[in-house]
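Read-outs: derived from the displayed coordinates by stated rules, not from any lab. Bear in mind the structure is a predicted one, so any value in this text is a computation, not a measurement. Cβ placement follows ideal geometry from the backbone for every residue including glycine, while neighbour counts extend to all protein chains displayed.
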Amino acid sequence: MIRHKITAQITPFLGFLFLFLGLSNLSQAQQSLETLNQALRYSRYARLALKIIPIREQDRSFVLQMPVEKIEENLEFDTYQFAYAVLSGFQEPITAQNLIILTREDVVRETDFHIYFEKRVTIPETQEMAFAMIQATDTRQGDVYYYHTDLISPFIFGHSDFWAYYEDGVPFDQSFVIQKEPIEFKGRTVVNLHNFHYPATFDAPLPPMEIRPAPVPREIKVDYKGSFMANLPVTFDEDGYYFIQSDTNSTQGMMLKAVPETFPRVNDFDEMVDMVVYISTRREHETLKEAKDKKIALDQYWFGLTKDEETARKLIREYFKQIEFANILFTDFKEGWKTDRGMVYTVMGPPNEVSFRLNGEIWSYVGANSNSKITFTFARVRNILTPNYYILNRSRALQPEWFKSITTWRNAQMVF
């Protein structure tokens, strides 16, 4: 899929005006990472996807790689105003004083798919925590996109001194890699990297109202695949996830989930059976799993819900579109749809409000009459593989709205 190259520009005066207005409003609102509504990060209609990848140069010095994925076709650079900030905490106000503008001169590389910025930052010795944030403001309707990541915090084990890159030199900005597709690792002083493979599979998570602990495997198998040289293309060919390190005595590295070429879409009928667990009864799901011909069984399942072929096709498209987005947004060492956030996203749809804390993430869904709101809270868990590992705080109080959403799905009435 090749997108058109950028051609048009807006005038410098209009660009300055949009920028001035955007920063003025932000300053007046005195927003912080804790008060921002970052729902656009998970929207099905987002036009950009932002990322920050910190590469460690020294203990408190980082290169901030900031690739911006162009989801919107024919995206013009000056349609957006970009800025970044380094903050000391989630409560620090984001103002015109600490936001640093990103201009065309800051672009390291621009391709059909990305705009790639890069900045070097050093955190003062007296500063206990640090968080990097990138912001993109759509000058047409004022939508503001955000992304943030920890530089120094209790929830990370540190940052690696290398990263993976696409063939065009843009930093690899996702957590999953298609099997047998080459990527290249680079680092300022890195020569060899060590490759650990975890051939693990995971079950779908328990529903939000199930408060008993989920089963945990007693041991995790790991295969050391040896070392490979940086600056040469490498592929990851086996199911599971990989942890890449430059120093096996450290806790720092890069995790990649190896997925089939169909990912993030459904791979086969067996996988489709697994994925309908969220909206099926236990008996329905067991019947599907035991069926010899999964395609026939699934056809009967979907038609049984809707009693109409066209409605069934519409329901299938919508449900697996949610699965696809969950895989894109939330894949870590599990497929995105198997994570707690992916499960809630699949069933409930994109949240209306998303707020972050240092130790968690909060999603809110606002009812049609705006008088009702249901909230899902995800606790952040320190994990060596990923800084973005979240577990849902389960509660029986979530059951009524959860069942209501499942019923809406089964009646083919879910609209996003």
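In nm, to one decimal, how far is the modelled label at GLU128 from the one at GLU72, with both set 7 Å along Cα→Cβ?
4.1 nm
Where in the chain are the helices, taken as whole DSSP H runs, whose Cα atoms extend 20 angstrom or more along the long axis and whose Kyte-Doolittle mean reaches at least -1.0?
Span-like helices here: 12-29, 309-330.
Output ³J(HN,Hα) for segment 203-213: one whole-Hz value per residue in order, computed from phi by the Karplus curve 6.51 cos²θ - 1.76 cosθ + 1.60 with θ = phi - 60°, and x for Gly and Pro.
7, 5, x, 5, x, x, 8, 8, 8, 6, x
Whole-Hz ³J(HN,Hα) for each residue in segment 111-127, computed from phi via Karplus 6.51 cos²θ - 1.76 cosθ + 1.60 with θ = phi - 60°, x for glycine and proline: what do you get?
The phi angles translate into 10, 5, 10, 9, 10, 10, 9, 8, 9, 9, 9, 10, 8, x, 4, 7, 8 Hz.
Apply 1/(1 + (r/R0)^6) to the Cβ-Cβ distance of GLU184 and ASN371, taking R0 = 60 Å, and write down the FRET efficiency to the nearest 0.05.
About 0.70, to the nearest 0.05.
5 Å is the cut-off here: which amide hydrogens, built 1.01 Å from N in the peptide plane, fall below it relative to GLY253, excluding neighbours closer than 5 in sequence?
Amide H neighbours of GLY253: SER160.
Could you give the nm distance between label points at ASP299 and ARG313, where each point is 7 Å from its Cα heading toward the beta carbon?
1.4 nm
Given a cut-off of under 8 Å on Cα pairs at least six residues apart, what relative contact order in percent is computed for segment 133-175?
22 percent
How large is the convex hull of the Cα atoms of the chain per residue, expressed in Å³ as a whole number?
Expressed per residue, the convex hull around the Cα atoms of the chain is 168 Å³.
For ASN37 and PHE416 in the same chain, what is the full-extension length gain: residue separation times 0.36 nm, less their Cα-Cα distance, in nm?
Full extension from ASN37 to PHE416 adds 134.6 nm.
Need the full-extension length gain, ASP223 to THR281, defined as separation in residues times 0.36 nm minus the C-alpha distance. One decimal, nm.
17.1 nm
In whole Å, what is the distance between the alpha-carbon centres of segment 388-413 and segment 309-326?
17 Å
So what's the gap between the Cα centers of segment 151-208 and segment 227-305, to the nearest angstrom?
Taking the Cα centre of each part, segment 151-208 and segment 227-305 sit 17 Å apart.
Using a Cα-Cα cut-off of under 20 Å, which aspartates and glutamates could be cross-linked to LYS292, ignoring same-chain neighbours fewer than 8 residues away?
ASP268, ASP270, GLU271, ASP274, GLU284
Excluding GLU181 itself, calculate the net charge of residues whose Cβ lies under 14 Å from the Cβ of GLU181, where each Lys or Arg counts +1 and each Asp or Glu counts -1.
Combined, the nearby Lys, Arg, Asp and Glu give -4.
Pairs of Cα atoms under 8 Å, at least six residues apart: use those to get the relative contact order of segment 285-344, whole percent.
RCO, segment 285-344: 17 percent.
With a cut-off of 8 Å between alpha carbons and a minimum separation of six or more residues, what is the relative contact order of the chain in percent?
Relative contact order of the chain: 15 percent.
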